[in-house]
Structure formats: C-alpha cells, structure tokens
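Just below is one structure, and these are the notes that go with it.
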Amino acid sequence: IALLVVLPVIVSLLVSLYVYDLSGFYELNWLDNVSADQNIVNINAGFDEISELLHQKFPDSALTVFDFYNPELHTEASIKRARKAYPPYPGTVNIATSFIPFAGNFADKILLVFAAHEIRGHQERVKFFTELNRILKPNSEIILVEHLRDIPNFLAYTIGFLHFVSRNTWDDTFSAAGFTVSENKINAFVTKFSLKRDRKSVV
C-alpha cells in the first residue's frame with residue numbers, strides 16, 4: 001500500500017526533473033525565428049520562469065512582460081506560494097485577461113509558457129486569446145507551451161493531469177479567437193502550439 005502511494009509521487013518528480021532540468025527546456029532551443037528588431041511579449045500567470053532567460057538569449061530584442069494573475073479567478077495554491085518565493089521580472093505589467101492596455105499590432109511574438117491553462121473558464125479564455133489576436137502583428141505568432149490532458153501526462157501525474165487542458169478544448173479556444181494552429185512536441189509531455197491569425201476570421 002505504501003508503495004502504491006509513494007510510486008506515483010516518485011514518477012511525477014522524475015518526469016518533472018526530465019521535463020524542466022534534463023531535457024534542455026530552459027535552453028529555449030524550441031524558440032526560433034527571433035530577430036533583434038522584434039517586440040517579444042512574455043505573459044505569465046503569476047510565476048515567471050523564462051523572462052530572464054529570454055533577456056539573456058535575445059538581449060537585442062524588446063521584451064515586454066505581462067502578468068494576468070488574479071487571485072479571485074486563478075486560485076491555484078502553488079502560484080500563491082511561487083509569488084511569495086520569486087519576485088516578478090523588473091517592469092512586469094499587470095493586466096486583466098479581458099483587456100490588454102496596449103495598441104493593436106504591437107507584438108512580433110507572444111509567449112505563454114505553462115501559464116494559459118490557469119484560465120479555467122472557456123469564455124474568459126476565448127476573450128483573452130481574442131485580445132492576444134488584437135495586439136499581435138500580422139504574420140506574427142503566439143507560442144503556447146503546455147502540458148496536455150492526455151495519456152502521457154496522466155501516466156506521469158495521475159489525477160494531477162486534470163489541471164491541464166485537453167487538445168480539443170485548446171482547439172475550440174483557438175478557433176473561437178480567430179487563429180490557425182500548428183503544433184509539435186518539445187518532449188513526450190510538453191506540446192508547443194504556434195498560433196497565427198486566421199485571415200478568414202474577423203476578430
């Protein structure tokens with residue numbers, strides 16, 4: 001009985017070690033097509049894992065950091081703990097998911113790394129991605145990096161995989177917000193979505 005209790009915890013820790021530390025994820029090799037004259041927008045949900053890495057890897061790009069965390073809407077306890085332990089990246093702008101106070105066609109590349117799944121409601125999620133569509137320059141892209149609610153993540157995190165969002169739910173969000181999408185695996189447990197404006201859609 002003890003083994004049945006402990007084994008899933010050990011497996012999830014080993015998977016997390018692989019995903020975040022051993023796979024080279026934080027080397028950002030999955031992020032390409034970034035040039036010095038681009039406006040990069042990195043958006044987090046209260047815990048910013050990559051802004052400093054982006055600044056180091058692309059020092060000549062203009063980096064803007066948004067934080068959409070709202071304790072009344074986004075109630076994950078781990079985020080609250082992380083916010084206490086790690087300060088925000090300097091210059092981080094707090095935003096609401098319903099409105100981003102920036103002009104349209106501002107961003108060349110928008111990054112959402114392990115953040116967007118914290119938006120649990122479908123309507124809030126669609127409104128947020130519609131706002132992202134508005135501030136994205138034509139022919140530019142949004143990079144969304146997420147665990148999915150799928151079999152590999154179930155095997156890794158058991159019931160914890162329910163905190164992730166399914167591919168079908170993401171597809172519904174992307175379509176409703178006016179995006180076309182392509183995807184590829186960063187590793188067995190993490191998926192990268194590339195979103196571009198759907199020219200046939202009016203947002």
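The values are calculated or read from the model by the stated rules, or taken from the named source; none is laboratory data. The model shown is predicted, which means the values in this text are computed figures rather than measured ones. Counting neighbours? That spans all protein chains shown, and the Cβs are built from the backbone with ideal geometry, glycine included. Remember, those area values only see protein heavy atoms, side chains included, never the ligands or the DNA or RNA. Shrake-Rupley method; radii C 1.70, N 1.55, O 1.52, S 1.80 Å.
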* To do: Taking H placed 1.01 Å from N in the peptide plane, check which residues at least 5 places from Arg149 or on another chain put their amide H under 5 Å from its amide H.
  => Val165, Ser166, Arg167
* **Sequence-distant residues sharing a close amide H with Ile119 (under 5 Å, placed H)** => none
* Asked: Efficiency by 1/(1 + (r/R0)^6): what FRET value for Asn139 and Val93, r their Cβ-Cβ distance, R0 = 25 Å, to the nearest 0.05?
  -> 0.50
* How do His147, His163, His55 stack up against each other in accessible area, from largest to smallest, with a 1.4 angstrom probe? -> His55, His163, His147
* Of Leu112, Leu73, Leu132, which has the largest mean-square fluctuation in a 10 Å C-alpha GNM of the chain? -> Leu73
* **Karplus 3J(HN,Hα) series, Hz, for region 43-60 with 6.51 cos²θ - 1.76 cosθ + 1.60 (x for Gly, Pro)** => 10, 10, 10, x, 9, 9, 8, 10, 4, 5, 5, 4, 4, 6, 7, 10, x, 8
* Kindly provide the pair-distance distribution of the chain built from C-alpha pairs, with 10 Å bins from 0 and whole-percent values in order of increasing distance. => 8, 34, 39, 16, 3, 1
* the chain: most fluctuating residue of Leu111, Leu22, Leu144 per GNM, C-alpha cutoff 10 Å -> Leu22
* Degrees separating the helix 122-135 axis from the principal Cα axis of the chain, which is the longest one -> 40 degrees
* To do: Pop out the carbon and sulfur fraction of the accessible area of the chain as a percent, whole number, probe 1.4 Å.
  => 58 percent
* Go through Ile119, Ile10, Ile151 and list them by solvent-accessible area, largest first, probe radius 1.4 Å. => Ile151, Ile10, Ile119
* Just read off the accessible area of Trp30 with the full protein assembly in place, 1.4 Å probe, to the nearest 10 Å². => 30 Å²
* Considering the options Ile100, Tyr157, Asn44, tell which one lies farthest towards the positive end of the dipole of the chain, charges being +1 on Lys and Arg and -1 on Asp and Glu at the Cβ, about the Cα centre. => Ile100
* Structure fact -> Residue-ordered couplings for region 170-183, obtained by feeding phi - 60° into the Karplus form 6.51 cos²θ - 1.76 cosθ + 1.60 and rounding to whole Hz (Gly and Pro as x), are 4, 4, 4, 5, 4, 5, 5, 8, x, 10, 9, 9, 10, 8
* Among Tyr18, Ile135, Ala177 - extreme Cα towards positive end, dipole of the chain, charges at beta-carbon -> Ala177
* **Efficiency of FRET from Cβ geometry, Arg81 and Glu52, R₀ 22 Å, rounded to 0.05** => 0.65
* **Accessible solvent surface per residue of the chain, calculated while the other protein chains remain in place, 1.4 angstrom probe, Å²** => 52 Å²
* Asked: With all protein chains present and a 1.4 Å probe, how do Glu49, Glu27, Glu183 order by accessible area, largest first?
  -> Glu27, Glu183, Glu49
* Taking H placed 1.01 Å from N in the peptide plane, check which residues at least 5 places from Ile186 or on another chain put their amide H under 5 Å from its amide H. => Thr191, Lys192
* Structure fact -> antiparallel share of DSSP beta bridges within the chain, to nearest 5, in %, is 40 percent
* Asked: What value, in deg cm²/dmol to 500, does the helix sum -39500 (n - 2.57) over DSSP H runs of n ≥ 4 give at 222 nm once divided by the residues of the chain?
  -> -9500 deg cm²/dmol
